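The values are calculated or read from the model by the stated rules, or taken from the named source; none is laboratory data. What you see is a predicted model; the values in this text were computed from it and never measured. Please note: Cβ atoms are built from the backbone with ideal geometry, for glycine as well, and neighbour counts cover all protein chains shown.
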Amino acid sequence: MLADYAVKVEESHGRRFPEPAHPYRNDFQRDRDRVIHARAFRRLEAKTQVFTRRYSDHFRNRLTHTIEVAQISRTIGAQLALNVDLVEALALVHDIGHPPFGHAGEKALDAAMRQHGLFFDHNLHALRIVEDFELRYAAFRGLNLTFEVREGIIKHSRDYRAEAYPELREYLLEQRPPLEAQLIDLTDEIAYDAADLDDGFEARLLTLEQMRAGVPVFERFYSEAERAYPQALEKLKFNEALKGMLDYFVGDLIRHTQDEIAAAQVRSVEDVRACPRRLAGFSPQADQERRAAKKFLYANLYSTAALDPEKDLAERVITDLFAFWMAHPEHLPVSYQEKARQEPLPRVVCDYLAGMTDNFIYEQYEKYCG
Ligand code: MG
């Protein structure tokens with residue numbers, strides 16, 4: 001049973017190219033499945049989330065992170081009686097526009113584009129992937145996703161002003177996205193805060209003492225685990241603390257969002273869209289704890305000098321390859337050379353680089369700049 005403020009698949013604004021209904025999968029289920037079968041989705045497996053393969057084979061990559069976001073989002077979506085098919089499609093597609101090498105790659109690609117008066121934005125890139133780059137169907141380019149999934153790709157994590165992005169006008173930029181999309185940015189953060197503490201500890205870039213002193217919410221659940229399992233191995237108490245933290249943020253997000261929904265008296269998707277603020281969110285206490293965890297991760301993990309060598313390498317690989325193909329577009333694959341006849345060359349080079357996996361971009365670097 002869906003809540004009255006959930007998106008109903010029968011009321012979808014539909015696909016760009018109308019298609020006959022499927023006998024036993026609805027349109028959002030089909031969109032979820034189209035994302036799973038997309039080439040860009042499979043490439044997430046070989047894209048860095050925070051740590052490259054140098055550290056370990058069992059750290060998160062963009063694909064396993066995406067699966068964690070989908071798992072958490074489904075739990076929350078079901079509890080709020082939202083459209084879980086739509087939630088799942090949005091979670092699975094949320095990082096599809098990320099370039100290789102995690103944040104360092106994104107920064108380098110954006111810097112290269114700015115030299116040509118352009119920029120790189122992973123949400124806009126994700127839209128280009130599902131609208132244009134994926135070639136699977138004979139009848140149209142792209143995945144022909146429903147409006148609600150395309151809208152969620154653009155609006156899940158930030159607002160785009162209509163004046164600055166006239167090309168996104170169809171996505172109702174002056175309105176809030178449905179709750180199914182609002183959730184994704186928050187579950188993304190719940191997932192990566194816990195995962196990055198976990199992987200950071202495993203990589204020995206963060207110590208238990210550091211986390212207990214610097215992340216109050218972690219400390220709370222670690223002390224609890226110590227009281228409940230005084231004899232347990234440290235690593236198992238650590239796992240219990242992370243599990244407690246994850247569960248706490250998920251529970252808080254569910255309860256606080258329910259309160260916000262009740263207070264705003266929303267009774268339909270239109271009410272959610274028309275509401276002046278986003279209704280999905282954490283309570284003030286959990287929000288403060290979330291910020292503290294994030295701040296800790298920035299200060300102690302994302303900006304640690306230990307990760308500098310790979311960030312520098314990522315920047316060099318992207319910057320040099322970008323410059324190489326700008327100077328030698330004849331070395332681009334033929335399909336990209338054709339695209340360069342309709343679009344500015346920097347955009348085409350950027351699209352090519354952004355689609356690459358970490359492995360493939362290294363091979364290209366060896367080949368052309370090695
Ligand atoms: Mg993410």
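Suppose we filter region 323-335 for residues that are buried (at least 17 other Cβ atoms within 10 Å of the Cβ) and either free of Cβ contacts under 8 Å to residues at least 24 places away in the same chain or under 19 Å from T48 (Cα atoms) (or both); how many remain? Number of matching residues: 1. On inspection, A70 does not qualify as within 15 Å of the ligand (Cβ to nearest atom), assigned to a helix (DSSP H, G or I), over 30 Å from Y248 (Cα atoms) and not β-branched (V, I, T). The set of residues from region 1-59 being under 30 Å from Q258 (Cα atoms) and either within 16 Å of the ligand (Cβ to nearest atom) or without any contact (Cβ under 8 Å) to a residue 12 or more places away in the chain (or both) comprises E10, R25, R30, D33, V35. Does R277 meet the test of being assigned to a helix (DSSP H, G or I) and either within 24 Å of the chain's Cα centre (by Cα) or surrounded by fewer than 20 Cβ atoms within 10 Å (Cβ to Cβ) (or both)? So R277 fails the test. Looking only at residues of region 1-56 that are in contact with a helix residue (DSSP H, G or I) (Cβ under 8 Å, 6 or more places away or on another chain) and of a type in the set (D, E), we find that the one that is surrounded by the most Cβ atoms within 10 Å (Cβ to Cβ) is D31.
Any residue that is closer than 17 Å to V317 by Cα, without any contact (Cβ under 8 Å) to a residue 12 or more places away in the chain and not aromatic (F, W, Y) - is there at least one of those in region 116-134?
For region 116-134, residues closer than 17 Å to V317 by Cα, without any contact (Cβ under 8 Å) to a residue 12 or more places away in the chain and not aromatic (F, W, Y): absent.
Residues that are within 16 Å of the ligand (Cβ to nearest atom), within 22 Å of the chain's Cα centre (by Cα) and not small (G, A, S): does region 161-173 have at least one? No - not one qualifying residue is present in region 161-173. A residue that is in contact (Cβ under 8 Å) with a residue 60 or more places away in the chain and away from the ligand (no atom under 16 Å from the Cβ) occurs nowhere in region 183-193.
It is to be established whether one or more residues within region 34-50 are part of a loop (DSSP other than H, G, I, E, B) and within 24 Å of V250 (Cβ to Cβ). Yes, region 34-50 contains at least one residue that is part of a loop (DSSP other than H, G, I, E, B) and within 24 Å of V250 (Cβ to Cβ).
Within region 293-304, the presence of a residue that is over 26 Å from D193 (Cβ atoms), modelled with pLDDT of 95 or more and either in contact with a Phe, Trp or Tyr (Cβ under 6 Å, 6 or more places away or on another chain) or surrounded by 12 or more Cβ atoms within 10 Å (Cβ to Cβ) (or both) is excluded.
Residues of region 284-314 being within 24 Å of G152 (Cβ to Cβ) and small (G, A, S), which ones? Write out each step before concluding.
The first filter runs over region 284-314 and keeps only residues within 24 Å of G152 (Cβ to Cβ), leaving 286-287, 290, 294.
Passing the criteria: only A286.
Of all residues assigned to region 281-289, at least one qualifies as being assigned to a helix (DSSP H, G or I), crowded, with 17+ Cβ neighbours inside 10 Å and not aliphatic (A, V, I, L, M). The helices (runs of 4 or more DSSP H) found entirely in region 327-370 that carry 2 or more residues being among the β-branched types (V, I, T) and at pLDDT 95 or above are 345-355. Taken over region 260-272, the criterion of being part of a helix (DSSP H, G or I) and in contact (Cβ under 8 Å) with a residue 12 or more places away in the chain is satisfied by E260, I261, A264, V269, D271, V272. On the given criteria, is Y336 closer than 21 Å to A126 by Cα and under 22 Å from the mean Cα position of the chain (by Cα)? Against the criterion (closer than 21 Å to A126 by Cα and under 22 Å from the mean Cα position of the chain (by Cα)), Y336 does not qualify. May I ask you to list the residues in region 225-247 that are of a type in the set (D, E) and under 15 Å from E209 (Cα atoms)? Answer for region 225-247, where residues must be of a type in the set (D, E) and under 15 Å from E209 (Cα atoms): E226, E234. Against the list (1) within 16 Å of the ligand (Cβ to nearest atom); (2) within 29 Å of A6 (Cα to Cα); (3) surrounded by 14 or more Cβ atoms within 10 Å (Cβ to Cβ), the condition R158 fails is (3). Within the set L86, L82, L90, the sole residue that is in a helix (DSSP H, G or I) and away from the ligand (no atom under 16 Å from the Cβ) turns out to be L86. Scanning region 141-158 finds one or more residues that are free of Cβ contacts under 8 Å to residues at least 40 places away in the same chain, under 29 Å from A280 (Cβ atoms) and of a type in the set (A, V, I, L, M).
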